[in-house]
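One structure is given here, and the rest of the page talks about it.
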């Protein structure tokens, strides 16, 4: 991949709690450092009953994009469609999400769209009443996808399955490791080597707890030029990060 991605870009994951929010913030910070106008959109935020900040709030704290939007929020920590049903709230309609994201794409160079959980988690309903997923959103937008993956055991299978599902839908994709450990073991080094052909970045464990200024200055060093970073030597980076 050459050049930086522009327009809508989906950020999905191999599972929940893999680091999508921090990776989204890192991409936003790197792109802004490169001079791009960046927006972040979260189609479906769940688990809001606790009163804790949502993902867009966390991204805004770390990267300060000029625009951050959450299209629908639900109190229960479930997949967005299930959370809407449990709370008896209106589920997010696919083309309402598409229109909102395209509206931001008309005003920004890069629109990062952070999904919920993995690629095929039910997000809402189509006008027909059928569920839609982040993969369906990517197809509707004609957008590439960043797949956030774990560093440890099991990640190769989960990542390969997610990339295969994207390839079958003709969605360009690359991988970012969501949390590279401070003390990497053999399995982490071997997984890094296997993922390198698809790798667009790796974020160190604990990056989300950094001072925002340090985070913004550091983010380009975690990402390749496709995501507006400067990273080109994986082993040197991993040794420094560890």
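The values are calculated or read from the model by the stated rules, or taken from the named source; none is laboratory data. Keep in mind that what you see is a predicted model, and the values were worked out from it rather than measured. Cβ sites come from the backbone with ideal geometry, for glycine too, and all protein chains shown count toward neighbours.
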**Complete:** Checked segment 116-144 for anything assigned to a strand (DSSP E or B) and under 17 Å from residue 55 (Cβ atoms); matches are 124
**Item:** From 165, 160, residue being under 11 Å from residue 12 (Cβ atoms), surrounded by fewer than 23 Cβ atoms within 10 Å (Cβ to Cβ) and without any contact (Cβ under 8 Å) to a residue 60 or more places away in the chain
**Value:** 165
**Asked** Of the numbered conditions (1) surrounded by 14 or more Cβ atoms within 10 Å (Cβ to Cβ); (2) within 29 Å of residue 32 (Cβ to Cβ), residue 106 satisfies every one except a single condition; which is it?
**Response** (1)
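To keep it simple, each residue is scored yes or no on (1) within 14 Å of the chain's Cα centre (by Cα); (2) in a helix (DSSP H, G or I); (3) under 18 Å from residue 141 (Cα atoms).
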{"site": "8", "(1), (2), (3)": "yes, no, yes"}
{"site": "15", "(1), (2), (3)": "yes, no, no"}
{"site": "23", "(1), (2), (3)": "yes, yes, no"}
{"site": "32", "(1), (2), (3)": "no, yes, no"}
{"site": "41", "(1), (2), (3)": "yes, no, yes"}
{"site": "45", "(1), (2), (3)": "yes, no, no"}
{"site": "52", "(1), (2), (3)": "no, no, no"}
{"site": "56", "(1), (2), (3)": "yes, yes, no"}
{"site": "72", "(1), (2), (3)": "no, no, no"}
**Asked** So, in segment 194-209, of the ones that are farther than 19 Å from residue 11 by Cβ and touching a helix residue (DSSP H, G or I) at 6+ places or on another chain (Cβ under 8 Å), which residue ends up surrounded by the fewest Cβ atoms within 10 Å (Cβ to Cβ)?
**Response** 196
**Complete:** In the set 122, 91, 127, the lone residue that is over 20 Å from the mean Cα position of the chain (by Cα) and buried (at least 17 other Cβ atoms within 10 Å of the Cβ) is 91
**Message:** So, residue 163, is that one outside any strand (DSSP E or B), modelled with pLDDT of 95 or more and within 15 Å of the chain's Cα centre (by Cα) or not?
**Reply:** yes
**Request:** Give the residue that is surrounded by the most Cβ atoms within 10 Å (Cβ to Cβ), with candidates limited to residues of segment 24-42 that are more than 29 Å from residue 79 (Cβ to Cβ) and touching a strand residue (DSSP E or B) at 6+ places or on another chain (Cβ under 7 Å).
**Result:** 30
**Asked** Limited to segment 119-143, what total is found for residues that are within 22 Å of residue 25 (Cα to Cα) and in contact with a strand residue (DSSP E or B) (Cβ under 6 Å, 6 or more places away or on another chain)?
**Response** 6
**Selection count where residues are more than 20 Å from residue 233 (Cβ to Cβ) and touching a strand residue (DSSP E or B) at 6+ places or on another chain (Cβ under 7 Å), scope segment 168-177** = 2
**Prompt:** modelled with pLDDT under 95 and touching a helix residue (DSSP H, G or I) at 6+ places or on another chain (Cβ under 9 Å), is that true of residue 189?
**Reply:** yes
**Request:** From the list 98, 113, pick out the single residue that is buried (at least 20 other Cβ atoms within 10 Å of the Cβ) and either in a loop (DSSP other than H, G, I, E, B) or in contact with a helix residue (DSSP H, G or I) (Cβ under 8 Å, 6 or more places away or on another chain) (or both).
**Result:** 113
**Complete:** Conditions (1) under 24 Å from residue 5 (Cα atoms); (2) in contact (Cβ under 8 Å) with a residue 40 or more places away in the chain; (3) assigned to a loop (DSSP other than H, G, I, E, B) -> residue 170 fails only (2)
